[in-house]
Structure formats: C-alpha cells, structure tokens
Amino acid sequence: MDSLIQTLAIYALPVVFAITLHEAAHGYVARYFGDPTAWQQGRISLNPLRHVDPMGTIVVPMMILIASKIAGSSGILFGWAKPVPVNFGKLRNPKKDMLWVAAAGPGANLVMALGWALLLKLAVGMPDNDYSLPLGEMARAGINVNTVLMLLNLLPLPPLDGGRIAVSLLPHRAAWQFAKLEPYGFVILLVLLFTGLLDIWLIPLMRLFLMLIKALFGF
C-alpha cells in the first residue's frame with residue numbers, strides 16, 4: 001500500500017500538468033490565429049483546475065497506475081482533460097491554421113518533457129538528501145508521461161491532434177473524406193489499445209525519443 005501511495009504521489013503533478021497544459025496550449029494558439037473562443041471561456045490558463053476532467057485527468061490515470069502496480073507491469077499511462085473549445089471557422093486560414101492549433105498540444109508535451117529532463121539532470125547532480133530521490137523520480141515520471149501523451153496525440157487518427165494535422169495537410173477532397181473518421185476515432189483508439197496494436201506505434205517511438213533525451217542531457 002505504501003508503495004502504491006508513493007507512486008500516486010510521484011505521478012500526480014506530472015499527469016495533471018501534462019494533460020491540462022496540453023489543452024491550454026491549443027487555446028492559446030487558436031487565439032493567436034484568430035479564434036478567441038477558449039479565451040472568452042477562461043480556458044487559456046495555466047491553472048489546472050480550469051482543464052481537469054474528473055474521469056480523464058484523475059480516475060483513468062489513477063486506475064492505470066494501480067492496475068500496473070498490482071500486475072507488476074508498466075502499462076501505457078494516458079488520460080485527457082476537458083477539450084478546449086476551438087471554432088476552426090474563426091481562424092484566419094482555417095485549414096492551414098488547424099495544423100498549428102493541433103500541433104500546439106504535443107508541442108507543449110515536448111517542452112514539458114525537456115523541462116522534466118532538465119529537472120532530472122539537476123536532481124541527479126545534487127548531493128543525496130531527502131528531496132533528491134523523490135524529485136528525480138517525479139522528473140522521470142514527467143518525462144515518461146509527456147512522451148506518451150505527445151506520441152499518442154500524434155497518431156494520425158481524428159479527433160487526435162495527429163488526425164487534425166493530417167486533415168490540414170491533405171488535399172481538400174482527401175481531407176474531407178479523412179475527417180469523416182472523427183466520430184469513430186475514440187472507439188478505434190480503444191480497439192488499438194486493448195488489442196495491443198497501439199504498442200506497435202508507441203513503444204518503438206518512445207524508446208527512440210527517450211534515447212534522444214538521454215543523449216541530449218547526458219544521462
């Protein structure tokens with residue numbers, strides 16, 4: 001039980017910030033390109049409470065952590081926040097600007113992964129004390145969580161960010177046809193997750209990205 005509580009404590013901040021700041025980034029970039037919807041609803045905020053979805057931000061990640069701890073495995077930790085409202089019709093160039101709005105979320109996770117890696121570098125370099133070990137473990141959790149969310153959201157499947165990026169890049173007719181997948185996207189994602197096919201996409205890319213992090217920061 002103590003080990004489970006420690007794991008939950010270590011992952012709490014990384015998970016909340018990874019999910020909620022991902023959504024805030026969408027709103028910020030949408031406003032930059034002409035859509036003030038998220039700003040008008042108070043969703044362009046670094047306050048996680050404005051973005052937390054009780055089920056997706058707290059319950060689902062916690063259940064995955066508990067199940068992984070009990071099974072002694074390392075399940076793919078994921079979750080979601082309340083989606084930031086974006087009115088693509090209000091963007092100055094909807095099809096083109098959609099790419100940047102969609103890419104903002106994974107981009108925020110990339111920045112956070114690098115930030116946690118820097119914190120890990122500092123934690124490893126400081127003298128051993130009561131804070132260095134938990135700080136290092138939290139930083140490792142931050143790197144892993146943001147890596148998973150970044151790569152998962154880049155999956156080219158609407159309504160994930162990668163799907164919206166693909167819609168932005170495809171020719172108009174192909175983009176229109178591809179966008180029709182959006183109502184079924186979450187169901188497809190669950191099928192990929194529970195059949196293990198999602199691992200084929202995520203695990204090799206995660207290993208590659210973590211290798212780049214280690215090389216960049218000299219771990």
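Tabulated values for the structure
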item: Selected residue (criterion: nearest to L133 (Cα to Cα)) from residues of the range 1-55 that are part of a loop (DSSP other than H, G, I, E, B) and touching a His at 6+ places or on another chain (Cβ under 8 Å); result: S45
item: Given (1) touching a residue at least 24 places away in the same chain (Cβ under 8 Å); (2) farther than 30 Å from L118 by Cβ; (3) surrounded by fewer than 11 Cβ atoms within 10 Å (Cβ to Cβ), index of the condition G218 fails; result: (2)
item: Condition check for G42: closer than 27 Å to D97 by Cα and surrounded by fewer than 17 Cβ atoms within 10 Å (Cβ to Cβ); result: yes
item: Test for L118: is it part of a loop (DSSP other than H, G, I, E, B) and either under 19 Å from the mean Cα position of the chain (by Cα) or aromatic (F, W, Y) (or both); result: no
item: Pair list, Cβ under 6 Å, 6 or more apart: the range 182-196 residue surrounded by 11 or more Cβ atoms within 10 Å (Cβ to Cβ), other residue in a helix (DSSP H, G or I); result: L192/L198
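Read-outs throughout are calculated quantities, based only on the coordinates presented, and are distinct from any laboratory measurement. Owing to the predicted nature of the structure, the values given are computational and were not obtained by experimental measurement. With ideal geometry, Cβ positions are generated from the backbone for all residues, glycine too; neighbour counts draw on all protein chains shown.
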